[in-house]
Amino acid sequence: MHEIRERFRLLHYPTLTFGDMKSNSYDNNLNKSLEEVDVEILQLIREVKDTQKSEIELIASENFASKAVLEALSCCAHGKYSEGYPHSRDYGGDEVIDKIELLCQKRALELYELDPNKWGVNVKVYSGSPANFAVYTALVGPHGRIMGLDLIDGGHLTHGFMTEKKRVSASSLFFESMPYKIDPITGLINYDDLERSAKLFKPKLIIAGITCYSRHLDYPRFRAICDSQDAILMADMSHVSGLVAGGQVPISPFIFSDIVTTTTHKSLRGPRGALVFYRKGIKNIKANGEKELYDYEKLINEAVFPGLQSGSHNNVIASVAVALKMAHNEEFKRYAKQIIVNSRALCKELQDLGYHIVTGGTDNHILLVNLTPIHLTGSKAIKILEKIGIACSKYTVPGDKSLLSPSGIRLGTPAVTSRDMRDADMKTVARFIHSALTLGIGIQKYLLNKNPNPENLVNLKDFSAFVDNEPKNEEISHDSKIMVLKKGIENLGHEVKTFASGFPLPGFENF
Ligand code: DSN
C-alpha cells in the first residue's frame, strides 16, 4: 500500500511529500473526529449521556437504542439519495441501497409474522407523524373523515387533534376529524359511544392507537365498528410495537387492522423512524367469484414518495433493519415481558403508597397517576421529579378540562427495563417518586403560607423558582422550613443518582 502511494507521489507530485499532498487538499478536516472538530457539541452530547446515566428515565415513549442500532444510524448510507423504491429509482448507484431497503422490509414482515402475499410494508417514512399523515393522504383524501382517541383522553396529536377554537394538528386541518372519548369514571375507552358517533359521522378511517392509555385495545370491537360503517381500521401501535413483537399482547393489531403504523424508537428500541404496514392481495371474493383486491400498496407508497417525501434516510432504514433483527429473538421477548412486569410492579407500589392510578392498573408499559387527590399539578410534579433526577411527562386525567393544566403524570417502563432494572427496583423507584411528590406538597404549603391568597394557589413560576434556585443561601440558613425542604431535594437527588448510576446503559460508552 505504502509503495503504491509512493509511486503515485513520484509520478504526479515529485516535489511534494505525501504529508504536503494531504495538506493541499481542499479540506483537511474530513477524517477528523468530533473531538478534534467540535468540542462544544461533543461536550453537550456527553452531558446528555451523563444525564441518561444518572437519571431514571420514565418517559413512556423513550428508550435506549443498542450500540449496533446506533452504529448503523451513523453509517455512510446516510449520504445516499434514493428517490423511488427498490429496482425503480430516479438515481443511479442505488443497488446496495435497494438491498438494505428490501432486507428491512423482509425483517419487518418476519418480525410480526406476516405473510408477504397478504401484507406489505413501507420502511422509508421519516417518523410516526408523517407515517400517519401518509396513510390519511393515501386512503382518506382531502377533507375525508377520520376518528381517533381524543388527545386529552390519551390519543395522539396526529389522530386528528383540534380544540374548540383551532385545528391544531394538520390531521384535523386537511382532514375532518371527530374524536372518541374515554369514560370519565372508569378511564376506559367508551366503545359504545364510539359506535354511536361513527354511525353519525361515517368516518372513512378509524384509528386504534394511543399515546397515554394503559389498557389493551379491543381490536375486535374496533373491527366490528369499522365494518358497520365500511371504514378502514388503522392501528397506530407506536407505543406498543415492542410488546407486539415480543408477543406480550393478547391480540395482535395485525389480526383485525387494514393498516398498522408504528414508530420504531419506542418499545421496539430502534432508531427514530417509522413503518407503515398495509394489507395486500385478495380482500374479498364476491358471490359471482370475482376477486376484490386491496389497493393500499400503490396508494400508500405513492403518498410517501413522491407525495410527501423526496429522498429516504437510508442510514435510518439500515438501523431499523438492525433493530428488527434484534427484536426477533427470545432475549427481546424476555425484555418485552419484563417491561410489563416492571410497569405492574411500579403501579402496585404506588397504589400501596396510596396513589390513584387511572383505570386501576396497567396492561402495558404505561401507567397514569392521577394527582388530583394530593393537590399537586402535573406540571409541578414533573418539575420536582426532574430536579431529583426522574424524567416523566405530565398528562391529563379523566375529568381534566384543559390540556394546559394536566392533573397527572404518565410513567413508562421501556427505558428503565433496557437498563436492566427489575420489579424489585421498581419499588425503590416508586418510593423515590413518593418522596419527591411529598417534597412538592411541602414546597407548595410553604409558599402558600408565605403568600396566602383566597384561591389557595401557588403558581408554577414560584414553585419552579423555589425548586431551582430561590430562596438564596442567606435566606435558607435563617428559615428552618426552607432548610428542610432544600436539604430534602439535595439528599433525594443524591440517592437517585447513586441508584441510577449503578445500572448499565445501552449504546456507546460516553456518547
Ligand atoms: N409525544 C410522543 C409520546 O410521548 O407519546 C409520541 O409522539
- Message: Give me the percent relative contact order of segment 338-388, please, defined on Cα pairs under 8 angstrom at least 6 residues apart.
- Response: 30 percent
- Query: Where a Cα-Cα gap under 25 Å defines reach, which lysines qualify for LYS67, not counting those fewer than 8 residues away within the same chain?
  - Reply: LYS32, LYS49, LYS53, LYS80, LYS99, LYS106, LYS124, LYS266, LYS325, LYS333, LYS337, LYS497
- With the contact rule set at Cα under 8 Å and sequence spacing of 6 or more, what percent relative contact order holds for segment 137-213? 40 percent
- Dividing the mean separation of Cα pairs under 8 Å (6+ apart) by the residue count of segment 66-126 yields a relative contact order in percent of 20 percent
- Message: Suppose R0 equals 45 Å. What FRET efficiency, 1/(1 + (r/R0)^6) with r the Cβ-Cβ distance, do HIS356 and LYS32 give to the nearest 0.05?
- Response: 0.25
- Mean Cβ neighbour count within 10 Å, used as a protection proxy, ranking 443-455, 483-495, 210-222 highest first: 210-222, 483-495, 443-455
- Computed over all unlike Cα pairs, the Kirkwood hydrodynamic radius of the chain in Å stands at 25.4 Å
- Taking placed amide H atoms and a strict 5 Å upper bound, the residues 5 or more places from ILE182 or on another chain that come that close are ASN190
- Could you give the length gained on full extension between TYR81 and LYS67, defined as 0.36 nm per residue of separation minus the Cα-Cα distance, in nm? 2.5 nm
- Label-to-label distance, nm, for residues given as ASN329 and LYS286 (7 Å Cα→Cβ offset): 5.0 nm
- Item | Separation of the SER54 and ASP90 label points, Cα + 7 Å toward Cβ, nm | 4.8 nm
- Item | Cα-centred dipole magnitude for the chain, charges only on beta-carbon of K, R (+1) and D, E (-1), debye, nearest 20 | 620 debye
- Compute the convex hull volume of the Cα atoms of segment 34-83, divide it by the residue count, and report the result per residue in Å³ as a whole number. 134 Å³
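Bear in mind these aren't lab numbers, they're just calculated from the coordinates by the rules spelled out. Quick caveat, the model's predicted, so the values are computed rather than measured. Here the Cβ is made from the backbone with ideal geometry for all residues, glycine too, and neighbour counts use every protein chain on show.
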